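Undergrad: Structure in C-alpha cells, see below.
Coordinate-derived values only; no laboratory data. Note that the structure is a prediction, hence the values are computed from the model and not measured. Counting neighbours? That spans all protein chains shown, and the Cβs are built from the backbone with ideal geometry, glycine included.
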Amino acid sequence: MRTLRISVFILLVTALAVSNMPATAGDKVDLGLEILAENDGWAASGDGVTGGSGAAPEQVYVVTNRQELVAALNNGVYPPPSNPSPTPKIIYVSGVIDANMDDANQPLTCEDYYRDGFTWEAFLAAYDPAVWGRTTPSGPLELGRLASRAAQEARVRIRVGDNTTIVGLGTAATIRGAWFDIRGSRSGAVQTPRRNIIIRNLTFEDTYDCFPAWAPTDGELGSWNALYDAISLRESVNVWIDHNTFRDRETLDKYAPDYFGVLFQQHDGLLDITNASDLVTVSWNRFEDHDKVMLIGSSDSGSTATNDRGRLRVTLHHNLFTGVGQRVPRVRFGQVHVYNNYYKIINNPSYVYTWGVGIESQIYAENNNIKTDQKTDAASLIGVYKGINLIETGTEMNGTPGNAFVDVVDAYNGEYDPDLTTLESWEPVFFLPIDSTQQVIPLVESRSGPFNW
C-alpha cells in the first residue's frame, strides 16, 4: 500500500494537464479535497458532505488493485475487518481495478467460483421446466449455486465506510466488476447510517453476477434475477455521487444467451438508493447501456416502507442517460428532484420507461431534455407502479418547435387510466441555479462523466 502526504500529492496533480473541469470546479483543484457545494441538491441538507477531506496524511492513499483498495478502506489493514473504517480517508484510484481478482492479483472467471459440485451445465439440465416443472429450485445443485455466489460476493463486494472520498485520477480510472456496498445498520426504529461519502470521477463497468437465481414463476416465462449493483446505498445519509460513468461493456445484455426461453440476466442496478437512505445528490454522471438503472425505495410495504417514509430525498441533476431501459429513476416514497438531465432514447429496443412513479412517490421533474428516434412518444416516458402524482415542467422533447415544452403528464393521461395528478405537495429548496432546458444537451454532453485533472 502506498501512502502519500497530501501536500506532495497536490504538487503532483497540479503538474498534470487540467481540462474539462466540472461546472463547480475552479482552474486547479484536487478532487480529493473538494466537498459538496452549499445547496447542491438534497445531500447539502443536514451536515452536508465533506467526505474524507479532513484526512490525516497517513489516511491518503493511491490504489492500483483490489487488495490495495480494500486495505485503504480499512486503515491499511488486509484482510479487512467486518466493518469498514469510519476514519476520514481519501482514496485516489489509478488505472483499472478489477474486483474479480485473487489476492495474487490474478483474474478469476465464473468457473473459479464454482463450489460444492455446481456447474451451469448440471444446473440447467436439472431445473429445465420441462424436467423440473415450475417450482423454485431446491436440492444440492441449488445449494451449490448459492455457495458459488457467496464465493464471488466475497471478492466483488467492497464495503465503504463513513467519511470517505474515493476519486479517480484522470479519465481512465475504472472500477470493473465491483459492488460498492454502502450500508449502515438498523435495530428496530434505530438507524445507524453510513454517512458523509463522496465518489467521483470513476468509470464503473461490468458489475455482473455469475450465479443469478432462476425464478420460474416470475413473469409468464420465469426470469433470471441477479444481485450486485455498481453502487448500492442502504441506511446511508449525506452521499454525493458525481462525474462518474456507469456502463456495461463486455457483459452487455445483447451478448447473453437465453436459458429456459428468457434472457440469462447477470445484471441488477447501476445505482440503487434504498432502505431508508436519505440526502443524496447524483450529479454530472453518465449512465449507459444498461437495463435497470436506479431504484429509489425497495419495497411497497412492511417495515421497509415504514422506515422509508420521510426519507429517500434525492437530487439528480446534469446526468446523461443513454441506451438504458428503465428506472431513471423509479421511486417509492421519496421526494426526488430530477432537473437538467439529458435522456437519449435512440435505437433502443429494450426501452421500457423513464420516470417510474411508485407508491407515495413525489418526483419533481424540471427542465429535462429528451431526444428520441421518434419511436418513443411522450406518454411512454412514464411508468406507473401504484403512484398517483408527478410534477413535471420545462421538458423539451426532440427540439419541440419554437422551444415549446411538452406536457408529459398530460400526454400520459391522454392514453392511460387512471390519470396522474400534478399536486405540488413539496417544492425543492436545495439546488444550484437551474439551466434552461435548451442548454441541457450541450452542457451534459460536454461536462458529464470523468474528466482530466
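Undergrad: Show me, for segment 376-385, the HN-Hα J-couplings you get by feeding each phi into the Karplus relation (A = 6.51, B = -1.76, C = 1.60, θ = phi - 60°), rounded to Hz, glycine and proline as x.
TA: Once θ is set to phi - 60°, the couplings for segment 376-385 become 10, 9, 4, 4, 7, 5, 10, x, 10, 9 Hz.
Undergrad: Can you list residues whose amide H is under 5 Å from TYR385's amide H, if they're 5+ apart or on another chain and H is modeled 1.01 Å from N?
TA: VAL357, GLY358
Undergrad: Given the Cα-Cα distance of GLU58 and VAL190 and 0.36 nm per residue of separation, how much length would full extension add, in nm? Write down the numbers at each step before the final one.
TA: Numbers: separation 132, 0.36 × 132 = 47.52 nm, distance 3.33 nm.
Roughly 44.2 nm would be gained on extension.
Undergrad: Same structure again: For ARG183, list long-range residues whose amide hydrogen, built 1.01 Å from N in the peptide plane, is under 5 Å from its own amide hydrogen.
TA: Residues meeting the criterion, in which the H sits 1.01 Å from N, are VAL160, ARG234.
Undergrad: How far is it, in nm, from the label point at GLU121 to the one at ASN452 when both lie 7 Å from their Cα along the line to the Cβ?
TA: In this crude spin-label approximation the distance works out to 5.0 nm.
Undergrad: Further question: In percent, how large is the relative contact order of the chain, given Cα pairs closer than 8 Å and 6 or more residues apart? Each step should come with its number before you reach the end.
TA: Numbers: 1234 pairs, mean separation 61.9, N = 453.
With pairs under 8 Å counted, the relative contact order is 14 percent.
Undergrad: If one computes P(r) from the Cα atoms of segment 75-179, what percent of pairs lie at distances over 22 Å?
TA: On the way: 2694 of 5460 pairs.
Summing the P(r) of segment 75-179 above 22 Å gives 49 percent of all pairs.
Undergrad: Next question. Quick one: how many lysine pairs in the chain have C-alpha atoms under 21 angstrom apart, if they're 8 or more apart or on different chains?
TA: Close lysine pairs under the 21 Å cut-off: 9.
Undergrad: Hey, could you grab the Kirkwood Rh for segment 244-364? Inverse mean 1/r over distinct alpha carbon pairs, Å, one decimal. It would help to have the intermediate numbers written out before the result.
TA: Values: mean 1/r = 0.0670 Å⁻¹.
That comes to 14.9 Å for segment 244-364.
Undergrad: What value, in deg cm²/dmol to 500, does the helix sum -39500 (n - 2.57) over DSSP H runs of n ≥ 4 give at 222 nm once divided by the residues of the chain?
TA: Values: 8 runs with 71 residues, N = 453.
Computed mean residue ellipticity for the chain: -4500 deg cm²/dmol.
Undergrad: Tabulate in residue order the Karplus-calculated ³J(HN,Hα) for segment 71-83, using 6.51 cos²θ - 1.76 cosθ + 1.60 with θ = phi - 60°, rounded to whole Hz; enter x for Gly and Pro.
TA: Each residue of segment 71-83 in turn: 5, 4, 6, 10, 6, x, 8, 8, x, x, x, 5, 10 Hz.
Undergrad: Calculate, in nm to one decimal, what GLU427 and ASP410 gain on full extension: separation in residues at 0.36 nm each, minus their alpha carbon distance. List each step's numbers first, then the result.
TA: Working: separation 17, 0.36 × 17 = 6.12 nm, distance 2.03 nm.
Contour length minus the Cα-Cα distance gives 4.1 nm.
Undergrad: Tell me, in nm to one decimal, what length is gained between ASP112 and ASP417 on full extension, where the rule is 0.36 nm per residue of separation less the Cα-Cα distance?
TA: 104.7 nm is the gain from fully extending ASP112 to ASP417.
Undergrad: Assign unit charges at the C-beta atoms only (+1 for Lys and Arg, -1 for Asp and Glu), then state the dipole size of segment 275-396 relative to its Cα centre in Debye, rounded to the nearest 20. Mind dumping the intermediate values first?
TA: Details: 12 positive and 12 negative charges, 39 e Å.
Computed about the Cα centre, the dipole is about 180 debye.
Undergrad: Based on C-alpha coordinates, I'd like the Rg and Dmax of the chain, in Å.
TA: 21.9, 66
Undergrad: Using modelled backbone amide H atoms (1.01 Å from N, in-plane), which distant-in-sequence or interchain residues come within less than 5 Å of ASN452's amide H?
TA: For ASN452, whose amide H was placed from the backbone, the distant partners under 5 Å are SER19.
Undergrad: Okay, next question. Using θ = phi - 60° and the Karplus relation 6.51 cos²θ - 1.76 cosθ + 1.60, list the HN-Hα couplings for segment 111-122 in order, rounded to whole Hz, with x at every Gly or Pro.
TA: Residue by residue, segment 111-122 yields 5, 5, 8, 4, 9, 6, x, 6, 9, 5, 4, 5 Hz.
Undergrad: If I model a spin label as a point 7 Å beyond the Cα along the Cα-Cβ vector, how far apart are those points for ASN225 and ARG134 in nm?
TA: Here the answer is 1.7 nm between the modelled labels.
Undergrad: Size of the dipole of the chain about the Cα centre, Lys and Arg at +1 and Asp and Glu at -1 on the beta carbon, nothing else charged, in debye to 20?
TA: Details: 35 positive and 55 negative charges, 232 e Å.
The calculation lands at about 1120 debye.
Undergrad: Around ASP162, under 10 Å between beta carbons, what's the net of Lys plus Arg minus Asp minus Glu among the other residues? Spell out each step's value before the answer.
TA: On the way: positive: LYS89, ARG194, ARG195; negative: none.
Net of charged neighbours comes to +3.
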